[in-house]
Structures are given as C-alpha cells and as structure tokens.
1. Working only within region 177-198, note down all residues that are surrounded by 14 or more Cβ atoms within 10 Å (Cβ to Cβ), among the small types (G, A, S) and over 18 Å from the mean Cα position of the chain (by Cα).
2. Within the set of pairs 6+ apart or on separate chains, which have a first residue in region 56-70 that is closer than 13 Å to G30 by Cα, a second that is in a helix (DSSP H, G or I), and C-beta atoms under 6 Å apart?
3. Read through the list (1) within 26 Å of I376 (Cβ to Cβ); (2) buried (at least 17 other Cβ atoms within 10 Å of the Cβ); (3) modelled with pLDDT of 95 or more, then give the number of the only condition that A26 fails.
4. Spot the failing condition for V427; the list is (1) surrounded by fewer than 23 Cβ atoms within 10 Å (Cβ to Cβ); (2) touching a residue at least 12 places away in the same chain (Cβ under 8 Å); (3) touching a strand residue (DSSP E or B) at 6+ places or on another chain (Cβ under 8 Å); (4) not acidic (D, E), and only one is missed.
5. Looking only at region 386-414, which residues are out of contact with any Asp or Glu (no Cβ under 7 Å at 6 or more places or on another chain), under 29 Å from V192 (Cβ atoms) and surrounded by 15 or more Cβ atoms within 10 Å (Cβ to Cβ)?
6. Failed condition for H343, given (1) in contact (Cβ under 8 Å) with a residue 60 or more places away in the chain; (2) in contact with a Lys or Arg (Cβ under 6 Å, 6 or more places away or on another chain), with all others met?
7. Looking only at helices (runs of 4 or more DSSP H) that lie completely in region 223-335, which have at least 3 residues being of a type outside the set (V, I, T) and surrounded by fewer than 22 Cβ atoms within 10 Å (Cβ to Cβ)?
8. Being within 21 Å of T301 (Cα to Cα), under 22 Å from the mean Cα position of the chain (by Cα) and at pLDDT 95 or above is true for just one of R165, R201, R222. Which residue is that?
Amino acid sequence: MRADLLFDDVDGLDEALAAVDGFDAALVGGLLRPQPGRAGGLAGLADAVAGTPLASRVAEAADKTAAGAGDEGHFVALAAARTALFGAVHDALVARVEEATGRSGAVADADGDSVAGEDHASNLCAAARSWLCDLARAGWQGIDHDLVGGAASVVSAMLPDPALRRLATLLDGFAAELAASCPGASLERVPVRRWADLWSRAMLLTLPGAGSAPAVGEVTGRLLPLGVDVQEHATAVQAQVHAVFEPADGGASRLVRASVSAPKPDTVVGAGLWQLLRPHMSLLAAVSEGRSMELDAMPVTAEGDLIWDDGRARAGEPADAFVTARVALPAAAASAVSPLDRHPARIAVPVLLEGYGVEEAEGDGGLVFEVARCRIGVDAGRVPAAGPLTPEVVASSGACLGLLRWDAGRFLLQPLAVERTVRKKAVAVHAGAWAGGTTDKAGVRAEKAATDAVKVLRERAGKLLRK
C-alpha cells in the first residue's frame, strides 16, 4: 500500500471543512439573530457552493438568515449545502484511499430499483422539520427542556410507521443527547460538529423522497468474511461483518457488509454481547470458525449491505481472512454510496498492512504503525472488549487487517484482526473470534456473567408484569 499518499494534501479539503466549521459555529449561538462574528459563516457556506446548482438558493438563504429572517426553506437549503460539502470531502478522501491501495476505484453496479416511500405522513415530516427549525433558531446554547421535549410527540407518532422509523430513531437519539445537555447556556463544551451533523441529516430526511428505501437486488455466490466491527451503546449493540462477495456466475467480486443489531441492558458488556446477537445471524458462527458462506438469492442493497436471511445462507469451506485479504480484497469493487451517506465519518475501507513497525504515539499513549516511513495512527479505542484482540496483541503484530477511517483530519486504522509470530508460527487473532462461542477462559467468564445478568433482569421484568 502507498501509505505516503494518505498524507498528501487533498486539494480544497481545508477550505471545504473551514466553510462547514463556520456554519456550525453559527448554529451554536442560533440562527434567529446571528451574531455579526458568526454571520460570516453563513456567507462562507454560500461561497463554498457557488457555481453549483445550489448556489442561488443557498446565497439567498445565507442572506436572509444573517438578517434574522430565515425560514424553513432557507434552513433546508443551508443543511443541503453543508451535506453537499461533506459529500465532496468524502469522495475526495475515498479517491485518495483507492489510489493508496492500488485498487481500480470501480464501483459495483447497483442491483434492483429504489423504492419511493409513500407521502401519506407528510404532516409528521413537516412537524419534525418545524421542531428542527426551532432548534436552529435557538442554537445549542439556547436549548432547554421545553424546546427539546417538543420532539417527543413527533417521535411517538412516527415510530409505528416503518417508513418513518429511520427518521424517528434519529430524532429520538438526537433529542436524548440534547436533553442530557440542558440547559444549553451552562454547557462548557458543545459537540459542535456532531450536533450539526445530526441536525442537517434530520432536516434532509424530512423532505419527500429522502427516506426512500434503497435499491435491493439478490446475489448468489460465496461470501468471504474479513472481520467484525462491533458498535456498542448503553441500550443497543450492532455487529457489522465486512466481507468480499464472489458471484457464482463469475462476475466481478465486490465489498459487502452484513449487520445485526439488538437492544441490550446496560449491564451486558464484553463477550456477553454475542449472546444477544448470535441467535439472529448464522454468519457470526462462520466468522468465529473461519469459514466462508454460500449465499442463495440473498437480498442486497445498492450500497453493498446484505439484508441477512439465515434461510438463504449455509456454511461453506474454511476461509482464512488474511488469505482473503491478500488474494481477493485487492480486486473487490466498492459499492455505491447514497448522497445522504457521503460523509467522511462513514469511511470504513478494509485494508491489509504488512511489514510495519509499531511505536507508541506521543502524548496519548496509543499505537502508531510505521509503514514506508509514514506513521499511521491505530484507533485502538474501536477494538471491542468482546474479543481477544487487545492493544497489547496489536502492538506485537506484524500484519493487520483493518478498516481505514478518517477522523479529526487524519486517517486512522481500526484493527479487525492481526497476525503475530508465536513460537516461530504465524498466529491470527480476530476481534470477532468469540462471535460464535469460545472456550477462552476470559470469554467464558464474560458470557456467564452476561447470562446471569439477563436471567435476573428477566425475572424482575416478569414480576413487574405479573403485578
């Protein structure tokens, strides 16, 4: 891999991010009466999209909002401009990653057609948009419990409708974060970019057609897992398997993902998470055993997300993830990315690094891989506690299969698996090694603790229901 290319300047990147930062700063104080020092951020956003189809609408929105006369349509235009800028940043960074990895950059063809959502709930989307506009006018420093609580009725009305659940979930989580930070006037630190990301995404999802179901087709062939990324929150957990798919008809291979999610009590952590996920996806057992899977007419979106159905999959032959990474990964095509998902925070490209040196990062005590005189930071904080892969194991490795991400202005590597030498033999250690079960002592203890916790919670819930 040409790691040096990851550190070369990307034309226009700093200017695009500066324009986004200027607008985000205006959101902190609110758009009802933008302060003169922050109103420049609105003009900067308009300048950044000059010459695009958004130019005139965003310029008008910036002028009206700076004068304190911004309305719903103006705020939508500003959210669209911000999203478009991040989309351009995403595309530029992905192009740089493809260049560094030596891949063709080809995008897999989309299968099927997108499905437009019904417009029968336009009143609910309008109510959500109105609440988001009130937030923007108040700004993050102006939020209070009354304002934030206005989302509750909208979310409750949306949740029963599957077509609105994506937006409802986003609004619910966003409102919960804001409520935990009220009153905004007393905040010492504001998550400026995160809240602006959530706000702008939610604004666009309220528009007709934005929440359309992605194109879905069917694929038949062999699935070669690379690794598992675990994303955990206090009340939910998700495992996302990254893999290479080889079509049975001999067509071009492609990168795909398969995800499974489950609600969880906050007392279930570590290896106990697999108990919640394992019953819903047989792929986790295949990952743990180092096997491929044979898929038969498995649904897949145009973005490469498999809509997993255990009835359409069966265990295949043994498949070593590092062999897959060395042989099949370089030729695997990426999938298309929908406009709303084109954001640098969503970049997660599977890559294989070998022959690197390992050093300790200055200041934070993290790890750095030195590859061809370039230093790539290791995002060890994303390595789940639900597996045997630890920072100490990563530090003793000589090959790493991971996800290349972009965070805080630089590329980082999230390890999914590593190879290290033990008694003159190469031994692989995977973050998802315990996904299908384990005999490892630490894993067995964690699973037993999780079993006990879930049993107690079920007993308590049963007593409450009987009462």
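The values are calculated or read from the model by the stated rules, or taken from the named source; none is laboratory data. Bear in mind the structure is a predicted one, so any value in this text is a computation, not a measurement. Quick reminder, even Gly has a Cβ in these numbers, built from the backbone with ideal geometry, and neighbours come from all protein chains shown.
1. A179, S181, G184
2. Every condition considered, the pairs that remain are T65/L42; T65/H74; A66/A39; A66/L42; G70/K64.
3. Failing condition for A26: (1).
4. So V427 meets the others, but not (2).
5. G402, L404, W406, F411
6. (2)
7. Values: elements: 273-277, 283-289, 321-327.
Where helices (runs of 4 or more DSSP H) fall fully within region 223-335 and carry at least 3 residues being of a type outside the set (V, I, T) and surrounded by fewer than 22 Cβ atoms within 10 Å (Cβ to Cβ), they are 273-277, 283-289.
8. Numbers: R165 fails: at pLDDT 95 or above; R222 fails: under 22 Å from the mean Cα position of the chain (by Cα).
The unique qualifying residue is R201.
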